[in-house]
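Worksheet: one structure, shown below.
The values are calculated or read from the model by the stated rules, or taken from the named source; none is laboratory data. Small disclaimer: the values here were computed from a predicted structure and weren't measured. Positions of Cβ are generated from backbone atoms using ideal geometry, with glycine treated the same way; all protein chains shown enter the neighbour counts. Accessible surface is based on the protein model in full, side chains and every heavy atom, while ligands, DNA and RNA are left aside. Shrake-Rupley method; radii C 1.70, N 1.55, O 1.52, S 1.80 Å.
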Amino acid sequence: MVTPENLSGDTGGRREPLRFDQDASATAVDMDTAIVLLGAGVTAITHPLLYVKLLIQIGHEPLTPTVGTTMFGRKVLYLPGFFSYAQHIVRVDGKMGLFRGLSPRIMSSAISTMVRSKVKQAIPAEQAEHVSNRDDLKTSLRKVMKETSHEMVIQCLSRIATHPFHVISVRCMAQFVGREVKYRGLFSSITKIFNDEGVGGFFVGVVPHVLGEVIFLWCCNLLAHFINTYAVDDNVSMFSQAPAVRSYTKFVMGIAVSVLTYPFMLVADLMAVNNSWWLVFPLTLPSLSPGSTVGLI
């Protein structure tokens, strides 16, 4: 016999999974939005640092070195640091000049977040198993390789999708040297690169960039795995906080491996600048005669 209670119970039982799916979908969307906004904020805060780093990478030295002494008393020439470069940019372009090329980077950060989210949904990773002792860690190499392969696919797809915006951002920032205005807004830069170089112009330097990130990912994960397996032992008294030590291993390895993979990122940035309009600018160095010029190519 069907009663109002049974009917409402049956209906509620059928609708509950639908509500759960809708709530889960809404939560995922909210999480992605929060990550995009957080990424945009971090990108904006750190942009002046990357701006100065790029100018140093391409060899722009607008300020003369200062004479100093080492701890052993030997006189040396010191190149200007971040704050000196930043003050020079502010004097030339104002405070907003520190954020030249920011909009392509924010767009790149947002697209990277969305690509990563979609790829993780399309290619879900296996559930990570908790390992607590050395024997379990020794047998988890295959799991580490699977996880690293999954991360590598996500990283490569994300880099390929966002590299055109990286090229635009780098060229916008590099224009500071020669005071060109070839690359201004985001959409005008896209049109300019497409008209001058075609689709290939958006992917200049993508190979060393992807290669550097793949090498970084594999070296960092494998080194962290081997250190956690053979150097950190739960049975040794000095490693009474072994889980906490293992949680920092990958971070420390990331710093060490980034030094080895930095040349790949340097080559990628120089290749991205290589096809821009300005090629030669006056540069005076202690080893060069006054008025000498150094070409970027």
Practice problem: Check the stretch 258-280 and report whether any residue there is touching a helix residue (DSSP H, G or I) at 6+ places or on another chain (Cβ under 6 Å), open to solvent by 80 Å² or more (accessible area, probe 1.4 Å) and at pLDDT below 90. | Solution: no
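Go through the stretch 53-72 residue by residue and tally those that are surrounded by 11 or more Cβ atoms within 10 Å (Cβ to Cβ) and part of a strand (DSSP E or B).
Result for the stretch 53-72: 1.
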Exercise. Can you confirm whether the stretch 27-35 contains a residue that is at pLDDT 90 or above and assigned to a helix (DSSP H, G or I)?
Key: no
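When you scan the stretch 237-257, how many residues do you find that are loosely packed, with under 15 Cβ neighbours inside 10 Å and at pLDDT 80 or above? Outline the logic, then answer.
Within the stretch 237-257, the subset loosely packed, with under 15 Cβ neighbours inside 10 Å is 237-238, 240-241, 243-244, 247-248, 251-252, 255-256.
Imposing the further condition that a residue be at pLDDT 80 or above reduces the set to 251-252, 255-256.
Summing the residues that are loosely packed, with under 15 Cβ neighbours inside 10 Å and at pLDDT 80 or above in the stretch 237-257 gives 4.
Scan the stretch 178-189 residue by residue and report those that are open to solvent by 50 Å² or more (accessible area, probe 1.4 Å), in a helix (DSSP H, G or I) and aliphatic (A, V, I, L, M).
Here is the first cut: in the stretch 178-189, the ones open to solvent by 50 Å² or more (accessible area, probe 1.4 Å) are 179, 181-182, 184, 187-188.
After this cut, where a residue has to be in a helix (DSSP H, G or I) as well, the list is 187-188.
The answer is none; no residue qualifies.
Please determine, by comparing only the residues of the stretch 157-177 that are open to solvent by 30 Å² or more (accessible area, probe 1.4 Å) and not charged (D, E, K, R), which one is farthest from VAL52 (Cα to Cα). Step through it out loud before you land on a result.
Just the residues of the stretch 157-177 that are open to solvent by 30 Å² or more (accessible area, probe 1.4 Å), to begin with: 157, 159-161, 165-166.
Subsequent filtering for residues that are not charged (D, E, K, R) retains 157, 160-161, 165-166.
Working: LEU157: 28, ILE160: 24, ALA161: 25, PHE165: 18, HIS166: 15 Å.
Once the filter is applied, the top-ranked residue is LEU157.
Kindly provide the set of residues from the stretch 55-77 that are over 29 Å from ASN274 (Cβ atoms) and touching a Gly at 6+ places or on another chain (Cβ under 8 Å), ordered by number.
At the first step, the residues of the stretch 55-77 found to be over 29 Å from ASN274 (Cβ atoms) are 66-76.
Across the stretch 55-77, the qualifying residues are LYS75, VAL76.
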Self-check item: Residue list for the stretch 201-216, restricted to those being small (Gly, Ala, Ser) and either more than 24 Å from LYS250 (Cβ to Cβ) or out of contact with any helix residue (DSSP H, G or I) (no Cβ under 9 Å at 6 or more places or on another chain) (or both)
Solution: GLY201, GLY205
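Take the residues in the stretch 73-102 that are hydrophobic (A, V, I, L, M, F, W, C) and outside any helix (DSSP H, G or I); name whichever of them is farthest from LEU186 (Cα to Cα). Give the derivation first.
Here is the first cut: in the stretch 73-102, the ones hydrophobic (A, V, I, L, M, F, W, C) are 76-77, 79, 82-83, 86, 89-90, 92, 96, 98-99, 102.
Next, only the ones that are outside any helix (DSSP H, G or I) stay: 76-77, 79.
On the way: VAL76: 42, LEU77: 39, LEU79: 33 Å.
This residue is VAL76.
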